[in-house]
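Colleague: Sharing a structure here in C-alpha cells format.
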Amino acid sequence: MSGATAKKKHMKAVTQKVKLFRASEPLLSVLMWGINHSITELAHINIPVMLMPDAFKGFSKIKIDNHLFNKENLPSHFKFKEYCPMVFRNLRERFGISETEYVNSFVSSAPVYDDSSGKSGAKFLRSHDGKFIVKTIIREEVELMHNILPDYHKYLVERHGDTLLPQYLGMYRLTVEGVETYMLIMRSVFSCTLPVHRKYDLKGSTIDRQASDKEKDKDLPTLKDNDFVNDNVKLRIGAEAKDTLMKRLKFDTDFLAELKLMDYSLLVGIHDSERYEQEQQENETTEANGIDDDEGSGSGGEVLTPPDSPSPRGHLLSSGEYDEFDFGCNVYAVRCTEDSPKAEIYFMALIDILTHWGAKKKAAQAAKTVKHGAGAEISTVKPKQYAERFLEFVTKALE
C-alpha cells in the first residue's frame, strides 16, 4: 500500500497539448479555432480535378457545446460555419497561398483590429503577420458573394491570376453568445514587410470625396480623390508598367460591369524609401542607446488596411537598397521609375467590389443627382459609366 502511494507521488500528469487560441475577445478566439478546424478537416479530403457546381453551394458547420478543453480562452458554446470550403481552398492554391501559411497566419497569434472603417460600419482586422485582412460583412454581401463566386472563379482561371481584383480566401459565419458575425478574408493590398507612409482610396468621383478632419488626425489617414488631386500626387511607374496596369484594370472593370458591380475603389499605398531608411537608422540609434522600442522593428510603423489582389510582378526599388524581397508579401508592388524625384514603391489593387447596382443604388443616384445636379461627379452611377470614369481618373494618376 505504501509502495503504491510512493509510486503515485512520482507519477507525472501528462496534459494534452492543445492550441491556445488566445485573443482579446471570444469572437477572435472562435475565428482562430474555426480556421484551424477547417484546414485540418480539408486536409483529409481529396482535391478534385475540377470544381463541380455543388462546390459553389457547399458549406461545413460545427456546433460546440460545453467543451472542456481550453475553456479559459474559448466560450463554452459557439458555432462556426464555412461557406464553399472547396472553392476557397482552390482559390488559395491559385493565389499561391499554402494551407500551412494560411492557418499559421491566424492560429499562431490573434488577428488585430485596424483603425480603418467604411461607411457601412464594417470592421477590419489584419493577421498578426500582416499578410491577410479580415472584413466583417453583412448577410446581403454573403448572398452576393455566393451569386458572383462561380463567375469570379472562372474569371481568375481564364486570367491566370493576372488581375487586380480582391483575392478572396475564405468566408465564415461565427455565432458567439447568440450573435452571428460574417467574416470575409482576403490578401492584404499592402506589404507585410514595408510600411506604407501615405494611403489613398480612389473612386474617380469628386462629390464628398475628401477625408474628414477626424480621419486626417490619424497616423495613417485614408485620403480620397480630392485629397489626391489637391496633393498633386503622381504615381510615376513608367509607360510600360502603366500600360500593363491599365490593361489589367480594363479587364477587371469590364468584368465587374458585366456583373453590375460598382462603387469599388483603387486602394493605393505609397512607401517612401528614403523616409524608411531614415526611420531604420533612428531605430538602430535608439537600440544602440539601450532603449527598448518595440515599434522599432524591421517593419517600421505597421500599417495595413482594408483589403486585396494579383500575381507577383516586377522587381522593386531602383536604388536596390533591399537585397531580398518577399513577393508573397508584396504581390501588388510596383516600383517608381529610375528618374522619379523620390524613390517610392506603390501598392495598388481594387477593393470593395461587393456593391450591386440595384434598387438601393438607383434610388441613391436619383437623390444625389437632385442634390448636386445632373452633371456632378457623384460616385453612384451605372456600372459601365462608373468603370469608364474610374479608368479615366486612374489613367491621369499614372505617369
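Colleague: State the number of residues belonging to the stretch 110-124 that are open to solvent by less than 50 Å² (accessible area, probe 1.4 Å) and either touching a His at 6+ places or on another chain (Cβ under 9 Å) or closer than 16 Å to Q167 by Cα (or both).
Modeller: Qualifying residue count, the stretch 110-124: 3.
Colleague: Could you tell me whether the stretch 99-113 includes any residue that is of a type outside the set (G, A, S) and assigned to a strand (DSSP E or B)?
Modeller: yes
Colleague: Answer yes or no: is there a residue in the stretch 69-77 that is touching a helix residue (DSSP H, G or I) at 6+ places or on another chain (Cβ under 9 Å) and either among the basic types (K, R) or at pLDDT 95 or above (or both).
Modeller: no
Colleague: Another question, then. Taking G130 and the conditions (1) open to solvent by 20 Å² or more (accessible area, probe 1.4 Å); (2) touching a residue at least 60 places away in the same chain (Cβ under 8 Å); (3) at positive phi, which numbered condition does it fall short on, given that it satisfies the others?
Modeller: Result: G130 fails condition (1) only.
Colleague: For L144, are the conditions met, namely being outside any loop (DSSP other than H, G, I, E, B), touching a residue at least 60 places away in the same chain (Cβ under 8 Å) and either open to solvent by 20 Å² or more (accessible area, probe 1.4 Å) or not aromatic (F, W, Y) (or both)?
Modeller: yes
Colleague: Let me ask another. I'm told K218 meets every condition in (1) among the basic types (K, R); (2) touching a strand residue (DSSP E or B) at 6+ places or on another chain (Cβ under 7 Å); (3) not in a loop (DSSP other than H, G, I, E, B) except one. Can you identify the failing condition by its number?
Modeller: (3)
Colleague: Of everything in the stretch 140-192, what is of a type in the set (G, A, S) and farther than 15 Å from E93 by Cα? Give them in sequence order.
Modeller: If the condition is that a residue be of a type in the set (G, A, S) and farther than 15 Å from E93 by Cα, then G178, S188, S191 are the ones that fit.
Colleague: Let me ask another. Would you please name the residue that is surrounded by the most Cβ atoms within 10 Å (Cβ to Cβ), looking only at residues in the stretch 265-296 that are modelled with pLDDT under 95 and touching a helix residue (DSSP H, G or I) at 6+ places or on another chain (Cβ under 7 Å)?
Modeller: Step by step, filter the stretch 265-296, then rank; the result is G296.
Colleague: Can you confirm whether E180 is at pLDDT below 95 and either more than 24 Å from M348 (Cβ to Cβ) or surrounded by fewer than 21 Cβ atoms within 10 Å (Cβ to Cβ) (or both)?
Modeller: Here the answer is no, as E180 does not meet what is asked.
Colleague: To continue, here is another question. Could you identify the single residue in N104, N90 that is open to solvent by 80 Å² or more (accessible area, probe 1.4 Å), out of contact with any strand residue (DSSP E or B) (no Cβ under 6 Å at 6 or more places or on another chain) and not β-branched (V, I, T)?
Modeller: Within the list N104, N90, the selection yields N104.
Colleague: Restricting attention to the stretch 183-194, which residues are open to solvent by less than 10 Å² (accessible area, probe 1.4 Å) and under 24 Å from T244 (Cβ atoms)?
Modeller: Correct list: M186, S188, V189, F190, S191.
Colleague: So, one more: Could you figure out which of (1) closer than 24 Å to R198 by Cβ; (2) surrounded by 19 or more Cβ atoms within 10 Å (Cβ to Cβ); (3) at pLDDT 95 or above isn't true of M246?
Modeller: With respect to (1) closer than 24 Å to R198 by Cβ; (2) surrounded by 19 or more Cβ atoms within 10 Å (Cβ to Cβ); (3) at pLDDT 95 or above, M246 is out only on (2).
Colleague: If you scan the stretch 221-276, which residues turn out to be touching an Asp or Glu at 6+ places or on another chain (Cβ under 9 Å), of a type outside the set (K, R) and in a loop (DSSP other than H, G, I, E, B)?
Modeller: Of everything in the stretch 221-276, those that are touching an Asp or Glu at 6+ places or on another chain (Cβ under 9 Å), of a type outside the set (K, R) and in a loop (DSSP other than H, G, I, E, B) turn out to be P221, V233, I237, G238, L259, D263, Y264.
Colleague: Right, another one. Just one of the numbered conditions (1) more than 30 Å from V87 (Cβ to Cβ); (2) not in a strand (DSSP E or B) is not true of K199; which one?
Modeller: (2)
Colleague: Output the number of the condition that D227 fails; it satisfies all remaining conditions of (1) among the acidic types (D, E); (2) open to solvent by 60 Å² or more (accessible area, probe 1.4 Å); (3) in contact (Cβ under 8 Å) with a residue 24 or more places away in the chain; (4) more than 30 Å from R139 (Cβ to Cβ).
Modeller: For D227, the exception is condition (2).
Colleague: Here is a further query. Condition first: surrounded by fewer than 20 Cβ atoms within 10 Å (Cβ to Cβ) and farther than 25 Å from M50 by Cβ. Can you find one or more residues in the stretch 158-174 that meet it?
Modeller: yes
The values are calculated or read from the model by the stated rules, or taken from the named source; none is laboratory data. Keep in mind the model is a prediction, meaning the values are calculated, not measured. As a convention, Cβ positions derive from the backbone with ideal geometry for all residues, glycine included, and neighbour counts pool all protein chains shown. For accessibility, only protein heavy atoms count, side chains too; no ligands or nucleic acids. Shrake-Rupley method; radii C 1.70, N 1.55, O 1.52, S 1.80 Å.
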